[in-house]
Amino acid sequence: MNVRMFTIALLGALSMTFAHGAPEAAKRVALVFDDGPRPADAEPLLTLLAREKVTVTFSLVGLRVAESPATAKAIFVAGHEIANHSQTHAHPRDLDDQALQSEVANAQQKIAATVGAAPKWYWPPFLEVDARVRSTVARASLKIYEPKLLIVSKDYDLSVNADAIFRNATTGVQDGAVILFHEWSKETLAQLPAILAELRRQNCTFHTFSELDAALHPQTPSLGESRSM
C-alpha cells in the first residue's frame, strides 16, 4: 500500500470513529423476580436464565419456600441470589411491631434452613419502607436493598400487556438500576428473551443485588491495610 492509499484508509477509519462516537459505557443492572418460589413458575424461568447465562435475584416469600423447598434450593444451586421478601407478603404498614418482626425473622430462618445460606438483603413487600421497617430489618442483621434507580416492569398489573412490559423494562435504564419483575408473570417469561436482548443492545451487564452493591460501592482499603498487587 503506497502512502496515498494508506492516508485515505486512515482518514476513512477516523471518520467512522467520529461518526459513531466513543463506545457507550456499560450499564450495570440487577434483575429481581418477586413472590416465589412456585415450581410451575420458577422452573421455566431458571431454564431460560441458564440458557441466557444471566444471574438474577429472586426475592422469596417464607411460606412459599416452606411449600416448595426443592425449588428454593434449585434457585440457590443455580447461582442466583435469594433475598428475604417476608414470611407472608403482608403490607408492613398493616402489622404491629411483633407481627412485623415475625414477618422478617421467620422468612429469614426458613430460607436459611432450606438453602443453607442466610439472605443478606430484605426486599420489602410492596416496597413499603419506613423507620419502623428499617429498625426491624436491622435487628434481624439484614439490609434493605435500596436501588440507585428502580425500573418497574408493571408485570404485576394484569391490565399491562406484554408489549408494555417490554417497554417498561427497557426504557430509561441507567447504570446501577434494578429492574423489577414477578416470577409468576407469564407475560414476563415470554418477553424475557427480547428484554435481555434489548438490554444487551444498550450495553447492560447483569448482576445480583450483592454483585451490584459491590460494584457501585467498592470497599476502600484502610490506611493500615496493604493493597494486593
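Within the stretch 96-107, the set of residues being farther than 9 Å from Thr136 by Cβ and buried (at least 20 other Cβ atoms within 10 Å of the Cβ) comprises Ala107 only.
Here's the yes/no breakdown for (1) modelled with pLDDT of 95 or more; (2) out of contact with any Cys (no Cβ under 8 Å at 6 or more places or on another chain); (3) not in a helix (DSSP H, G or I):
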{"position": "Val29", "(1), (2), (3)": "yes, no, yes"}
{"position": "Arg51", "(1), (2), (3)": "yes, yes, no"}
{"position": "Val54", "(1), (2), (3)": "yes, yes, yes"}
{"position": "Ser59", "(1), (2), (3)": "yes, yes, yes"}
{"position": "Ala66", "(1), (2), (3)": "yes, yes, no"}
{"position": "Thr71", "(1), (2), (3)": "yes, yes, no"}
{"position": "Ala74", "(1), (2), (3)": "yes, yes, no"}
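Answer yes if at least one residue in the stretch 177-193 is farther than 19 Å from Gly36 by Cβ, modelled with pLDDT of 95 or more, more than 15 Å from the chain's Cα centre (by Cα) and among the small types (Gly, Ala, Ser), and no otherwise. No. Taking residues in the stretch 139-154 that are touching a residue at least 60 places away in the same chain (Cβ under 8 Å), and partners anywhere that are aromatic (Phe, Trp, Tyr) and part of a loop (DSSP other than H, G, I, E, B), the pairs with Cβ atoms closer than 6 Å and at least 6 places apart or on different chains are Tyr145/Trp123.
I'd like to check something: does the stretch 152-162 contain any residue that is part of a helix (DSSP H, G or I), polar (S, T, N, Q) and in contact with a helix residue (DSSP H, G or I) (Cβ under 6 Å, 6 or more places away or on another chain)? No, every residue in the stretch 152-162 fails to be part of a helix (DSSP H, G or I), polar (S, T, N, Q) and in contact with a helix residue (DSSP H, G or I) (Cβ under 6 Å, 6 or more places away or on another chain).
Suppose we filter Leu158, Leu142 for residues that are surrounded by fewer than 13 Cβ atoms within 10 Å (Cβ to Cβ) and of a type in the set (A, V, I, L, M); which single one remains? Leu158 is the lone residue from the list that is surrounded by fewer than 13 Cβ atoms within 10 Å (Cβ to Cβ) and of a type in the set (A, V, I, L, M).
The values are calculated or read from the model by the stated rules, or taken from the named source; none is laboratory data. Everything numeric in this text was worked out from a predicted model, so none of it was measured. With ideal geometry, Cβ positions are generated from the backbone for all residues, glycine too; neighbour counts draw on all protein chains shown.
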